[in-house]
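Shown next, in structure tokens, is the structure this report addresses.
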Amino acid sequence: MPAPREECIYVRPSARAWTAATGIGVLRVTIGRTSAPGSSEASRQEAETEIDLATLLQGVRRRLPAVLLTAAVLALAAYLWSLIRPPVYEATANLLASSSQSQIGVVGGAVVSPLPPGTVADVVASPLILRPLVQAVEKSPEIGAEERQRLVRTLTRDLLTGGEEGSVAPQHRTISVTAEQGGQENSTYQVRARAQTPQAAQVLANLTVSLLLEWDTERTLRDVRLARENFTLQLAQTDRRLALPGLSALERQTLLYRRATMQDNLAQLRLLEQAQPGVLKPLSAATEPLRPVSSSPLRNAGLTALLALLLGTGLATLLAVLDRRIQSEAGLLSLGLPVLGVLPRLSGRGAAQLEQTDALGFVRINLQATLPVPRPILMISGITGGEGASALTSALASSLAASGQRVLILDADARHGRPREWDAAKHAGSGPPLSGASGVRRLEEAPGAPTSVQVRPAAPGVDVLPIGMVSGGSLGLSHPELGEWLRRWSQGYDVVLVDSPPLSTFPDGLALGRHADATLLVIAAGQTLLPDVQQVLRRLQVAGAPVLGFVLNQGAAPSRPFRRGSGPSVAAPRPAPSPAVKEVR
């Protein structure tokens, strides 16, 4: 039966709280739940998919210069584009539509059909207006030749497209109509014309209004003529009925009254036809515009910059969410282990320059305060390679030796296809060579004779057991007595530092970590992926290797895929003037 879940308070050390002065971490108390054993995997996966807000903001801030630069370039391009574009002027003429014009006579009611909403705008975009408008523009002497040709091309294009919806925005069309509802019977139409000169815009608007009035007049005349024909037929029918014999006085009186009404309506229709009727009436003619209506360059640049900033910030946020690289201490907070130090960016590479920084002293003090046992065996390892674990091992050994401690470095990093810089073979001419009938001289040979191992002094207080040349990139350290060998080799030293290969690449680090007192993981800022760190922590947990914490290296070199015969150059501890060979038993 699974254990019930219960509320508890658990304490997690904050990575920012481990100070170098005292080595004591300030604890951050968090309210959480302890899960049953069966739900630990789900809880772990949920924790791994969480996105820290501080990390997200840092990712956006890191990409902010690129976003600002892109927005500035686009704003400048919009500004220059607006400057080279010709100005656009808009002239407006107004029309009044009255429904009372359609009401005449007594019999028949509405003679002229009213204009439904949107009819005028559809007519303006149709060949009924555009075709004669093109002809009128071609013959207009008031428009310049160049602008006249441009307007003819534009209007012809609108005529061929047939006013398709979505082809051009209404506010950007050469001719557009908007309606404003007035009273119950009247409404106002605004006819807008756009051109590149003020006079052309005025002429184009007035020509459009004239053509609309002509179209409306022809439409109403058709209605009037049709009504007159209907009344004429009704009048003839009434006359034929009056000519029939045997009509009563009441019937004759009714037919005579209807005949008079028909004759009156026909008279009104003749007057209406002579008066050129229409629903549309001109309200105000277009005047020559004084200022262009096209957007100013500054406005276009500002809107472009704002849009670019919004889109760029959204893209930067998306990239920050997808980017799982660790950039700062905040990216390690969710792992629940302290950050014992942050190594700064240096102009050069290697331990020689790292020894001169105060950050290394912080790491040393925090290590001395948090190491679980005296005379510890500390394994220092990277995740995928290129984090600077070897350089940190060398510099830390020199720093510990400077404080009066004796340090032994076990070079277990077999991923380099050439001797390390602290390998004795590289300095064979600087002192007595590693030789002798008893004792092995390299770590790769130590499993064959673990009770007789020779080490080489690399600096005052620092001895090194180099790895030498290893084929296959792995030492194969899986002997069951490896822990006993490490304890035997550590006798006579205050600290043993094991330079481990990357834990996600080679299994030697896991074998060594089981027998080390603590493991220190080196993280390369901007390079190491958080899922890789989580995977390494799970492997260490399965192997039973205790993890002390992290060191964040902000100046790590970019990692490269491992190739035989090529590896990063790592500075070694400065050798003593006269190195000698020692034997450890």
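The values are calculated or read from the model by the stated rules, or taken from the named source; none is laboratory data. In this text, all values refer to a predicted model and were calculated from it rather than measured experimentally. In this analysis, Cβ positions are derived from the backbone assuming ideal geometry, glycine residues included, and neighbour counts consider all displayed protein chains. Ligands, DNA and RNA are stripped out before the accessible areas are found, and what is left, the full protein with its side chains, is counted by its heavy atoms. Shrake-Rupley method; radii C 1.70, N 1.55, O 1.52, S 1.80 Å.
With a cut-off of 13 Å between beta carbons, the residues surrounding Leu497 carry a summed charge of -3, where Lys and Arg count +1 and Asp and Glu -1. Work through the residues other than Gly312 whose Cβ is under 14 Å from its Cβ and net out their charges, Lys, Arg +1 and Asp, Glu -1. Charge balance near Gly312 sits at +3. Asp463 sits with roughly 10 Å² accessible to a 1.4 Å probe, with DNA, RNA and ligands left out of the calculation. When Glu329, Glu147 are compared by accessible area of protein heavy atoms, the largest-first order is Glu329, Glu147, using a 1.4 Å probe. What is the local net charge at Gln234, summed over the other residues whose Cβ is closer than 13 Å to its Cβ (Lys, Arg +1; Asp, Glu -1)? So the surrounding residues net to +2. Measuring only protein heavy atoms, the 1.4 Å probe finds Trp489 accessible over about 10 Å². Sorting Tyr493, Tyr79 by accessible area puts them as Tyr79, Tyr493; the probe is 1.4 Å, largest comes first, and only protein heavy atoms count.
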